[in-house]
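Novice: So that we are looking at the same thing, I have put the structure below in structure tokens.
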Protein chains: 2
Amino acid sequence: MSAPRTMALQWYEQHEPALRQARRACLERSYFSLFPETPDRHRGGAAAADAGAAAFRAQLGRMFDLRQPGTVGRLSGEVSPYTQAPLGIDYPRADPDLLFAAAEAAMGAWAAAGPQARLGACMEIVDRLYEGVFETAQAVMHTAGQSGPMSYAGSGTNALDRGVEALAYAQAAMSEVPAEALWERRFGSSNIRLRKRYRLVPRGVAVCFACATFPTWNAYPAMLASLATGNAVIVKPHPTAILPMALAVRTCRQVLSDAGFSPDLVTLCVDSADDPIGKRLVKHPRAAIVDFTGSARFGAWVEANAHPALCFSETSGVNTVVVESVEALEPVLKSLATSMSLFSAQMCTSPQNVYVPRDGIRCGERRIGADEFGAALAAAIAAIANDPRRAAPIMAAIQSPATPLLIDQLAAEVAQRGRVLLASAPFANPEFPQARTRSPLLISVDSGAKDFYGEERFGPIGFVITTSDRDAALAEAAADARAGGGITAFVYSTEALYLERAEAAYSAAGAQLTCNLTGAMPLNFAAAYSDYHVTGMNPAGNATLTDLAFVAARFRITQSRMPMP
Amino acid sequence: MSAPRTMALQWYEQHEPALRQARRACLERSYFSLFPETPDRHRGGAAAADAGAAAFRAQLGRMFDLRQPGTVGRLSGEVSPYTQAPLGIDYPRADPDLLFAAAEAAMGAWAAAGPQARLGACMEIVDRLYEGVFETAQAVMHTAGQSGPMSYAGSGTNALDRGVEALAYAQAAMSEVPAEALWERRFGSSNIRLRKRYRLVPRGVAVCFACATFPTWNAYPAMLASLATGNAVIVKPHPTAILPMALAVRTCRQVLSDAGFSPDLVTLCVDSADDPIGKRLVKHPRAAIVDFTGSARFGAWVEANAHPALCFSETSGVNTVVVESVEALEPVLKSLATSMSLFSAQMCTSPQNVYVPRDGIRCGERRIGADEFGAALAAAIAAIANDPRRAAPIMAAIQSPATPLLIDQLAAEVAQRGRVLLASAPFANPEFPQARTRSPLLISVDSGAKDFYGEERFGPIGFVITTSDRDAALAEAAADARAGGGITAFVYSTEALYLERAEAAYSAAGAQLTCNLTGAMPLNFAAAYSDYHVTGMNPAGNATLTDLAFVAARFRITQSRMPMP
């Protein structure tokens, strides 16, 4: 047995119980996590937190140490949404041809090592990423603009759990194929005995696009699904959020090296907005798999042009809320306001469109008019935005300078067709006075104004949409989710029959529904091992993270057979 | 519970043990079959055979009774390769828009019935197809030109086993998703309990293209995989081999009707060579899945243009043989000659190119020169072609009138660049004096003449290719399989190391290898539940029949979640 395999198999032994638990959780869809969600429970204690923060600070203004093949220059350009100052980190800019060549050269030994060794190394990668989660969290904060807690939990521990989930699926799919079989039957008067051997063969080189606002969340599962099934991965970060992925790539390379595999199984391919390289990667003759998270427009191009590469995409989210009837309005408003404010609605799962019947929402004996509801929702959001202790931790920072411009443009346009229920304004972040911030813009429109709300308006922009009645509210919300690409959906109703209809309507629209949720859990929280993220049934993406289909085609099966005495 | 569900669930109860056995066979890859392979062991006895033959005869010259929506005319055109007379059967020609609309309308209740009911109905379809296998065999014989035994076993029982195999995979993939889960965790000081419900949602309408020479073999698994996962299927037969698929469609519709489902879940869409409809079906906005078996040229178009529909394809087979060394030449020649003659090499798995080292094949102490080998192979094939008791049963009939033309054209062209080792000629079929027959053309060329043998030459055309040495034989054969699309591959060598290299080379080329096989089993026999047909790694197709990837993306998963006290 080769040296790399030996070490990787030791890792497999070590992490196998965790994988087994993850697999069970995927089948039961019950709560599971390998990692505590709060920094204070990290196994490294306060020292790990300090070390992570120190490592991040030490990296600022310096060359990122990533020794990979194909370097033809350096590139930088990230700006912290919190300080609006350049991070000053520069990265190796690579020639894609050389990255593909290095990746292909690395794949032979990796494929030959077999599923267990690969799963062992992948679980070790997860473990090391957890080790370095504090540094990653800082990197996410200062590129994507997430809050500290979200960058730790959402981009750290939850993203890692989603990576393990993908590994559990990869293991399940690969374990369908035995290494060997004895097959025997009669042909005429002869008995034929064949020994058959089966091999799992990777597809080839995967290209993984990470997005600007939540880079690790889909990238970890995609990278790990490709690696576990034997492929190499070229990671293409968004030019504004390179550091989180550069750290992940460096960790992967270190683990692979430690085991004796070629680190070129995972490389980083950076580009700039001025000179984008994405299309070249997708159309590269050696690209075998493309995982894409990003804009709806480029995503549609990727989906249509990835062939012959496999393509798994997640793009926009036109996420809808229907408020039909409530036991009590206050908790609903609170949940909606919080979720529409959370990370300034820069998540693919953030609710955007709230549909309300013109004749109002039933609340016990009384009806809350659509206008009254809109005003109350605006007030609930304002209560967050105007509270200095809540605004910054909940809303965090705005990733892109384009977002405030879009907000102002929409606010100006709406004058003709609707009404601004809540104006958007910068708010103060006590810790980062220079932070790019914006409180949510809330707009009231009639359901005719679909050109406003029928697509994703990325950032803290919400619509209260008045529909003719409650049936229209549900029908239009589901239709908009289907046409525009809804990932999540939310319905509030006290009527069992209405909820059943909502379940059916959103299932047909391909949006994952949450009913009557209030309280401490963010409405759009997606749990690894339990919630299927994206259905692949509408323009929000063509894949689910993670189901069997997300992993099963990443490898192929070859066989040989030979007569046995 | 709805009536259709009740009956279908009874069928599920009845067929569940068979499905369970099939699933176990898929995991173990051991021998399994639900159906005896010889007509004499059919449960209906001789009466069933007679009834099948009578039904076929009664159908000739008549309208095919298929009552489905969207009929806009009638169409006929099939000609028996055995009699070269028109079958005179006419079929309803359908408006594709209306078939898609009917299919979509039928899907709601089918999707809602759930996996077990659908699997029950699909197993009942398999059972009824077995009931009618004698009629199907006649239909295959007189459209595709297969021999009687092959049309019964290959196009009948083996094709049905492959359908059950697809059902077992569909069941495995669907059973990954529970109907319901309880999820519970703390958020801050609150406990959140959510009941989650998961639904399997079909992709939509599948289009299944069946091929001219082996229509049922890939169509059964594709149709059943789509149906079991909740989709509707529009079957598009090759215009020269409509009857086998028309019978299958009618059986499907009958079973679905019997259970109370809409029969429009399965419809037939015929066309003619003059007015092909394939592209319109593939690009139809409602097409969600395309299964394609057919020519490499149209297959490449389908693969490139199916998006956004899923595409599963199987096209050509440039199937290669390397003869490096043998214990005894005779059994090898016999196996090669038989397999190259079987059904006149009109199978996607038929060997075409035989690579021989220039310095000859080691056989014990002596070397068999390349010329000597070519002559001996020609003699072995001639021994079949010239034996009236063997020629017709083994070689059967030539499906397409284009094939004899291609044979003659190649024979003429080869004069410049190679040598005809065995000329092709019609042979007498005692039972069908008018049968379109051709004995194999065997051509000797040097490895430079890749324009001759680098692509599939459909029909009884073989090449003996002389290479510089044994390493070149293997390297070129594997490279040709990779570039041209090899499904099967065959190596003869007495050296373990050479066989190991062959395993690695063909695994990389994506062709399924058989080593040193001689004796009663046809070299290219593919066993349901054990052999993975097509790797998806080369131009021979993009999918494997059947693996998890063949079924797992045919449905999607939606969910809803709701707080529980």
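Novice: It is to be established whether one or more residues within segment B:419-435 are in a strand (DSSP E or B), under 22 Å from B:A385 (Cα atoms), touching a strand residue (DSSP E or B) at 6+ places or on another chain (Cβ under 8 Å) and charged (D, E, K, R).
Specialist: Yes.
Novice: Quick one: B:A376 ticks every box in (1) at pLDDT 95 or above; (2) more than 18 Å from B:S147 (Cβ to Cβ); (3) in a loop (DSSP other than H, G, I, E, B) bar one, so which box is it?
Specialist: Going through the list (1) at pLDDT 95 or above; (2) more than 18 Å from B:S147 (Cβ to Cβ); (3) in a loop (DSSP other than H, G, I, E, B), B:A376 breaks only (3).
Novice: Does A:Q21 count as over 27 Å from the mean Cα position of the chain (by Cα) and either hydrophobic (A, V, I, L, M, F, W, C) or closer than 17 Å to A:E124 by Cα (or both)?
Specialist: For A:Q21, the condition - over 27 Å from the mean Cα position of the chain (by Cα) and either hydrophobic (A, V, I, L, M, F, W, C) or closer than 17 Å to A:E124 by Cα (or both) - is not met.
Novice: Considering segment A:39-68 alone, what residues qualify as being of a type in the set (G, A, S) and assigned to a helix (DSSP H, G or I)?
Specialist: Those that are of a type in the set (G, A, S) and assigned to a helix (DSSP H, G or I): A:G45, A:A46, A:A47, A:A48, A:A49, A:A51, A:G52, A:A53, A:A54, A:A55, A:A58.
Novice: Taking segment B:226-255 as the region of interest, how many residues are farther than 23 Å from B:A101 by Cβ and of a type outside the set (S, T, Y)?
Specialist: 6
Novice: Shifting gears a bit: Taking segment A:442-474 as the search range and keeping residues that are assigned to a helix (DSSP H, G or I) and of a type in the set (D, E), which one is nearest to A:G299 (Cα to Cα)?
Specialist: Within segment A:442-474, the match that is nearest to A:G299 (Cα to Cα) is A:D451.
Novice: Go through B:D264, B:D258, B:D291, B:D271 for me and flag whichever is over 23 Å from B:L98 (Cβ atoms) and surrounded by 15 or more Cβ atoms within 10 Å (Cβ to Cβ).
Specialist: Step by step, each of B:D264, B:D258, B:D291, B:D271 is checked, and only B:D258 is over 23 Å from B:L98 (Cβ atoms) and surrounded by 15 or more Cβ atoms within 10 Å (Cβ to Cβ).
Novice: Filter segment A:331-362 down to the residues that are of a type outside the set (S, T, N, Q) and within 18 Å of A:T467 (Cα to Cα) and list them by number.
Specialist: Of everything in segment A:331-362, those that are of a type outside the set (S, T, N, Q) and within 18 Å of A:T467 (Cα to Cα) turn out to be A:P351, A:V354, A:Y355, A:V356, A:P357, A:R358, A:D359, A:G360, A:I361, A:R362.
Novice: Just one of B:A172, B:A179, B:A153, B:A144 is closer than 29 Å to B:F312 by Cβ and buried (at least 24 other Cβ atoms within 10 Å of the Cβ); which is it?
Specialist: B:A144
Novice: Moving on. When you go through A:E78, A:E37 one by one, which is the residue that is out of contact with any strand residue (DSSP E or B) (no Cβ under 6 Å at 6 or more places or on another chain), modelled with pLDDT under 95 and closer than 30 Å to A:A241 by Cα?
Specialist: So the residue among A:E78, A:E37 that is out of contact with any strand residue (DSSP E or B) (no Cβ under 6 Å at 6 or more places or on another chain), modelled with pLDDT under 95 and closer than 30 Å to A:A241 by Cα is A:E37.
Novice: In addition: What tally of residues in segment B:165-174 results from selecting those that are facing chain A (nearest Cβ under 9 Å) and small (G, A, S)?
Specialist: Total meeting the criteria: 2.
Novice: Given the conditions (1) within 25 Å of A:Q138 (Cα to Cα); (2) in a helix (DSSP H, G or I), and given that A:S400 satisfies all but one, which numbered condition is not satisfied?
Specialist: (2)
Novice: Follow-up. For segment B:68-101, name all the residues that are closer than 20 Å to B:A206 by Cα and buried (at least 22 other Cβ atoms within 10 Å of the Cβ).
Specialist: Selection gives B:P92, B:A94, B:L99, B:F100.
Novice: With the structure loaded, tell me whether B:S151 is in contact with a Phe, Trp or Tyr (Cβ under 7 Å, 6 or more places away or on another chain), assigned to a helix (DSSP H, G or I), more than 30 Å from A:M174 (Cβ to Cβ) and away from chain A (no Cβ under 14 Å) or whether it fails that test.
Specialist: Spelling it out, it is not the case that B:S151 is in contact with a Phe, Trp or Tyr (Cβ under 7 Å, 6 or more places away or on another chain), assigned to a helix (DSSP H, G or I), more than 30 Å from A:M174 (Cβ to Cβ) and away from chain A (no Cβ under 14 Å).
Novice: Considering only segment A:8-35, state which residues are polar (S, T, N, Q) and outside any helix (DSSP H, G or I).
Specialist: The answer is A:S30, A:S33.
Novice: Just give me the residues in segment B:63-104 being out of contact with any Leu (no Cβ under 6 Å at 6 or more places or on another chain) and among the basic types (K, R), in sequence order.
Specialist: B:R67, B:R74
Novice: Tally the residues that are surrounded by 20 or more Cβ atoms within 10 Å (Cβ to Cβ) and modelled with pLDDT under 95, restricting the search to segment B:297-317.
Specialist: Summing the residues that are surrounded by 20 or more Cβ atoms within 10 Å (Cβ to Cβ) and modelled with pLDDT under 95 in segment B:297-317 gives 3.
Novice: Quick one: in segment B:193-225, of everything that is away from chain A (no Cβ under 14 Å) and hydroxyl-bearing (S, T, Y), which residue is farthest from B:A397 (Cα to Cα)?
Specialist: Only one residue fits best here, namely B:Y220.
Novice: Look through B:G418, B:G364, B:G459 and report the one residue that is buried (at least 20 other Cβ atoms within 10 Å of the Cβ), modelled with pLDDT under 95 and either more than 28 Å from the chain's Cα centre (by Cα) or of a type outside the set (S, T, Y) (or both).
Specialist: Result: B:G418 is the single residue among B:G418, B:G364, B:G459 that is buried (at least 20 other Cβ atoms within 10 Å of the Cβ), modelled with pLDDT under 95 and either more than 28 Å from the chain's Cα centre (by Cα) or of a type outside the set (S, T, Y) (or both).
Novice: Shifting gears a bit: For segment B:177-192, what are the residues that are facing chain A (nearest Cβ under 8 Å), without any contact (Cβ under 8 Å) to a residue 24 or more places away in the chain and closer than 28 Å to B:F555 by Cβ?
Specialist: Matches in segment B:177-192: B:P178, B:A181, B:E184.
Novice: Of these, A:A111, A:A105, which one is surrounded by fewer than 18 Cβ atoms within 10 Å (Cβ to Cβ) and more than 22 Å from A:D271 (Cβ to Cβ)?
Specialist: Within the list A:A111, A:A105, the selection yields A:A105.
Novice: So, in segment B:277-333, of the ones that are more than 14 Å from chain A (Cβ to nearest Cβ), part of a loop (DSSP other than H, G, I, E, B) and over 15 Å from the mean Cα position of the chain (by Cα), which residue ends up farthest from B:G369 (Cα to Cα)?
Specialist: B:H284
Novice: Ok, one more. Only one of (1) free of Cβ contacts under 8 Å to residues at least 24 places away in the same chain; (2) within 14 Å of chain A (Cβ to nearest Cβ); (3) among the charged types (D, E, K, R) fails for B:R29. Which number is that?
Specialist: Looking at each condition in turn, B:R29 falls short on (1).
Novice: If you don't mind, another one. Counting residues that are more than 28 Å from B:F458 (Cβ to Cβ) and either at the interface with chain A (Cβ under 9 Å from one of its Cβ atoms) or among the basic types (K, R) (or both), which strands (runs of 3 or more DSSP E) fully inside segment B:475-565 reach at least 2?
Specialist: Answer list for segment B:475-565: B:555-563.
The values are calculated or read from the model by the stated rules, or taken from the named source; none is laboratory data. Small disclaimer: the values here were computed from a predicted structure and weren't measured. We place every Cβ from the backbone using ideal geometry, glycine too, and count neighbours over all the protein chains shown.
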